[in-house]
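Written out below as structure tokens is the structure these notes cover.
Please treat every number below as a calculation from the coordinates, not as lab data. Please read these numbers as outputs of a predicted model, since none were measured by experiment. No Cβ is skipped: glycine too gets one built from the backbone with ideal geometry, and neighbour counts run over all protein chains shown.
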Amino acid sequence: MHPHPKRWLALAVIALAQFMVIMDTSIIGVALPEIQQDLGFSQENLSWVFNGYVVAFGGLLLLGGRLADLFGAKRMFSLGWAILAVGSLAAGLAGSVGVEIAARAVQGVGAALIAPSALTLLMMLFAHDPKELTKALALYGAAAPAGGTAGVFLGGVITEWISWPWIYYIYIPIAIAAIAATPSLMPAAPARRGRVDILGATAVTAGIALAVFAIVRAPEEGWGSTATLLSLGGAVALLAGFVAIQATVRQPLVRLAIFKTPNLGAANLAQLLLGAAWIPMWYFLNLYLQQVLGFGAFAGGAALLPMTLAIMLLMIVVAPRAIARFGFKVPTVAGLWILAIGLAGLSLARPDGNFAADVLPASLVAAFGMALAFIPSLGTAISSARPEEGGLASGIVNTSYQVGSALGLAAMTALASAQGADQLGNLEALTDGFSAAFIGAAAIAAVGGLIALLTLRRPPATADANDRQQPSQQVGV
């Protein structure tokens, strides 16, 4: 197989896709208080500015991966950018809570086409060389915290000195540039014959959305209330229906037998729990900095730069070396447990605290854990499937992370509200609520490390150094 002559330039566009998809979650963080004030969000419902995007993103990723396999990753990559641009324009122009959430959902639809297509294209470009593939995955993985860094920083700058709608408008010219570059840079794959499982896609998306809605609303409605129980029961029924559909239709959205692939299910579970721990930390750390410590939008964004820059550096330099030295299992397990330690440290934040003592040390520990766990679990998940199911594998792993993010944030929002985080202006109550969320996220990360320890399998021992250069060793399969 001859390497694609423009593969590294193409990787830059693919990394840009990852950068923008993650930035779309982080850029709103420091703008949340302004959005809340202008559009009239309640403290409990404010998380839907995030969840409106993530539920659509996570719920449709499986469909996005299937469409990439059927119609070509290159075509879906361009279509995703176009939809993201339309959603960004609508989100910036929104004048009400409902329109803002709907526009964020449209952005999520675009991202759900971009993300699995991007990973599929990456695998097509670098499958010829395991060493290059590991390097490409590390750079792709580092684009996520880079997007997080740019998001919190740009979100602060734009909110402070322009206005919050511009956190969305900046996506439009970038989307146009990506669409223009795609035809000449990306490899083309022949379309495959098949049908799209619309019923399955509808069931899984509705199930995820209903589960998140039920968890977010539970503190207000009551966990034992009829509304909460009906919502949770409906979510379970829809997700069970999705599994049943996949088991019976001729061309399912997800071939259930794919989960029999060694390590694929375990790696996706690690990604799900990683998202469920990491995203609540980011969300509540933004709120702690602004609503308790009194940071402005720009200062709040700048305060998160050390953490996100550390993740970038660690993903590029440390994670690949850890994989080469220890394989995929040890870094994944250790990373989740180190993340748990960092989150536990953040739970000690005080109402009269300061950035240097209450935020910086623990956030850097959490960053180290995130960087160590993310690359090996991602590499394992996307490399386990057959080549013709690359889009599906990419969709599954992205779904795992984003669904974990949405459910984790919903659960931690409910926990924080129950402990006082809904009492704006009461610094002690806010801090108690945020601390409870950090403790809950730490527990998720700790359990994730334990599950990874018990379920991830080590590859067979190899006899010589040449064996360690095989793709399965390099990307964690």
Mean separation of Cα contacts under 8 Å, 6 or more apart, over the residue count of region 197-252: relative contact order %: 49 percent
Would you work out if the chain is rounded, prolate or oblate? Take a ≥ b ≥ c from the square roots of the eigenvalues of the alpha-carbon gyration tensor; rounded if a/c is under 1.5, else prolate when a/b is larger than b/c, oblate otherwise. rounded
For region 1-103, just say rounded, prolate or oblate: build the C-alpha gyration tensor, square-root its eigenvalues into a ≥ b ≥ c, call rounded for a/c under 1.5, and beyond that prolate if a/b exceeds b/c, oblate if not. prolate
Separation between Cα centres of region 315-329 and region 195-213, rounded to whole Å: 35 Å
At a Cα cut-off below 23 Å, give the lysines reachable from Lys6, other chains included and same-chain residues fewer than 8 away excluded. Lys74, Lys131, Lys135
May I ask you to list the residues of region 298-342 whose amide nitrogen lies under 14 Å from a point 7 Å from Cα along the Cα→beta-carbon direction of Phe355? 298-309
Separation between the Arg255 and Trp223 pseudo-spin-labels, each 7 Å from Cα along Cα→Cβ, expressed in nm? 4.1 nm
Row for region 97-251, column shape: gyration tensor on C-alpha, a ≥ b ≥ c, rounded if a/c < 1.5 i.e. under 1.5, prolate if a/b over b/c, else oblate; value oblate
Against the globular-protein guess of 2.2 N^0.38 Å, express the Cα radius of gyration of region 197-252 as a ratio, rounded to two decimals. 1.27
Testing the spin-label approximation: label points 7 Å from Cα along Cα→Cβ at Ala188 and Val236. State their distance in nm. 5.0 nm
So for each of 365-372, 344-351 I average, over its residues, the number of other beta carbons within 10 Å; can you give me the resulting order with the highest mean first? 365-372, 344-351
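Pairs of alpha-carbon atoms within less than 8 angstrom and 6+ residues apart define the contacts here; what relative contact order does the chain have, in percent?
On the way: 941 pairs, mean separation 110.9, N = 477.
Taking the mean separation of contacting Cα pairs over the length of the chain, I get 23 percent.
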Compute the angle between helix 198-221 and the longest alpha-carbon principal axis of the chain, please, reported from 0 to 90 degrees and rounded to the nearest 10. 20 degrees
The chain - mean residue ellipticity at 222 nm from DSSP helices (-39,500 (n - 2.57) per run, n ≥ 4, rounded to 500): -25000 deg cm²/dmol
